[in-house]
1. Tell me which residues, restricted to the stretch 225-250, are of a type in the set (Asp, Glu) and assigned to a helix (DSSP H, G or I).
2. Just one of GLU378, GLU359, GLU366 is surrounded by fewer than 19 Cβ atoms within 10 Å (Cβ to Cβ) and assigned by TED's automatic domain parsing to the domain that holds ARG316; which is it?
3. Quick one: what pairs do we get from the stretch 291-310, first residue closer than 19 Å to THR336 by Cα, second aromatic (Phe, Trp, Tyr) and surrounded by 17 or more Cβ atoms within 10 Å (Cβ to Cβ), C-beta under 7 Å, 6+ apart or different chains?
4. Tally the residues that are touching a strand residue (DSSP E or B) at 6+ places or on another chain (Cβ under 9 Å), surrounded by fewer than 18 Cβ atoms within 10 Å (Cβ to Cβ), part of a loop (DSSP other than H, G, I, E, B) and not aliphatic (A, V, I, L, M), restricting the search to the stretch 176-195.
5. Residues in the stretch 329-356 that are farther than 30 Å from ASP158 by Cα and in a loop (DSSP other than H, G, I, E, B): how many?
6. Name every residue in the stretch 296-328 that is assigned to a loop (DSSP other than H, G, I, E, B), charged (D, E, K, R) and within 18 Å of GLU366 (Cα to Cα), in order of residue number.
7. What pairs come up if the first residue lies in the stretch 130-156 and is farther than 17 Å from ILE296 by Cβ, the second is modelled with pLDDT under 90 and buried (at least 16 other Cβ atoms within 10 Å of the Cβ), and their beta carbons are under 7 Å apart, counting only those six or more places apart or on different chains?
8. Run down LYS400, LYS348, LYS407, LYS373 and say which single residue is crowded, with 21+ Cβ neighbours inside 10 Å, charged (D, E, K, R) and at pLDDT 95 or above.
Amino acid sequence: MKKSEWTEEQLEELLGNMPKIKDDRDPREIYHLVAIKLQKRKQKMWIMPSIATAGAFLLFFILVPNLFNWQGFEEKSMESADKSSSASEIMMEKKSLGDNQDQLADSKENEAPIEMAKQEEEKKMGITSIEVEDETTAVYEEDMIDKEVLTYGVPNQDVSFIVPISLIVPKDDQKSKFDLYVENMSNLAEEKWGLTEYYPLQAGLIFDEENKILTLNVPADHSYGMSSNTEWQLNQVMNHIMASFDIKKVNLTTEGNPGIEFGHLGKIDEFVSKEQSSDDAYYFYFPSNVETKPFIVPFKFTEKQGTIQEAFSIMRNNQAGEKLIASIPETIQFETEENPKEGKLIIKFEKGSQLNNDEATLHTIEAILLTAKEFNYEFVKLENANIDRIGIFDLNQDIKVPVVPNKRIISNQN
């Protein structure tokens, strides 16, 4: 057999001289293109194994003679071997190839009814090709079976807003939800996720569950009052904890003594829960340009009571210095019909709206569902979509809103 005339040094030099690739496209454009390509790739996964096997077999017989110069090898073999034996071997090879081609044809004939039965079963289970890997970002009721969900407020990289992160952990009958909350602070991987390293808190937490009062006790050398940013972070994190556990007041102490000294705010003895209207709109946040799955982050777009129509309208524009990316594209237009008595919001898509069974559209639907939850809706019905499913969502049925955003499953639970 002939060996390749290329040496390793020549191959390295050839590869080193290849042009460098630089991608200047907008991250949002890359996100949508990658999402669409992934969807197409996943849809093809159902039939790829059989085609790949047959294709590999055929390519073997087509390419191997050229690569290994089988013609010369066969001539020498024919001269030294028995002609009848050689002819018999050739006939056996041809028969083997023919048998495999027949098997390929039979597999294609059998593939259709099998695939139809598989799709019918998946339809009953609410599964589509996009679900080969779960691309949802939020926590849904089915995620909470025998699980506890713990939601933490984590500052983004430049401390301009809070990203809610929801850990799914096993339930423990011997521990309260608040105990699990404190215990799992160390399992947060903020830096890995592109967020600010903030947990576990450098403070003791004591929760009076009966009276809904939390005590935050910091050491004398605490760093929470070093700057306006650190003060803002602690305030936002405490607000998030208060909302999660329906806490009315947080008592602040320093080594057991009343009050915490802050550089800008002075000495403060307590944080008191403030009644706030639920009127957040939800946006996409990509900590870097490499993610295809966003964090979906709330943004308070008004200080007064807003409407859900205003929320959906503003979700078409970037916010927070372009860090929060619009979650509803201009290619998706709709009108809303509210049914507060039934806790249902109806969304009627306009003609020409581009709805696809892909990750980008799935995440847009999730942002819409999370925003509907902020306005106290329990279900959302999507109409005039001209498509039956988007990811896990059956558009022929009312869709239950998520429980909390940004699901993370901790795998190293004890």
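1. At the first step, the residues of the stretch 225-250 found to be of a type in the set (Asp, Glu) are 231, 246.
Correct list: GLU231 only.
2. Matching residue, one of GLU378, GLU359, GLU366: GLU378.
3. If the second residue must be aromatic (Phe, Trp, Tyr) and surrounded by 17 or more Cβ atoms within 10 Å (Cβ to Cβ), the pairs left are ILE308/PHE375.
4. Total satisfying the criteria: 3.
5. Of all residues in the stretch 329-356, those farther than 30 Å from ASP158 by Cα come to 331-356.
Add one more test, that the residue is in a loop (DSSP other than H, G, I, E, B), and what stays is 331-333, 340-343, 350-356.
Selection size over the stretch 329-356: 14.
6. The initial filter retains those residues of the stretch 296-328 that are assigned to a loop (DSSP other than H, G, I, E, B), namely 301-307, 315-318, 320-323, 326-328.
Among the residues that remain, those that are also charged (D, E, K, R) are: 303-304, 316, 322-323.
ARG316 - this is the single residue of the stretch 296-328 that is assigned to a loop (DSSP other than H, G, I, E, B), charged (D, E, K, R) and within 18 Å of GLU366 (Cα to Cα).
7. ILE130/GLN39; ILE130/LYS42; VAL132/LYS42
8. Details: LYS400 fails: crowded, with 21+ Cβ neighbours inside 10 Å; LYS348 fails: crowded, with 21+ Cβ neighbours inside 10 Å; LYS407 fails: crowded, with 21+ Cβ neighbours inside 10 Å.
The match here is LYS373.
The values are calculated or read from the model by the stated rules, or taken from the named source; none is laboratory data. Bear in mind the structure is a predicted one, so any value in this text is a computation, not a measurement. A quick note on method: Cβ atoms are made from the backbone with ideal geometry, for glycine too, and the neighbour counts reach across all protein chains shown.
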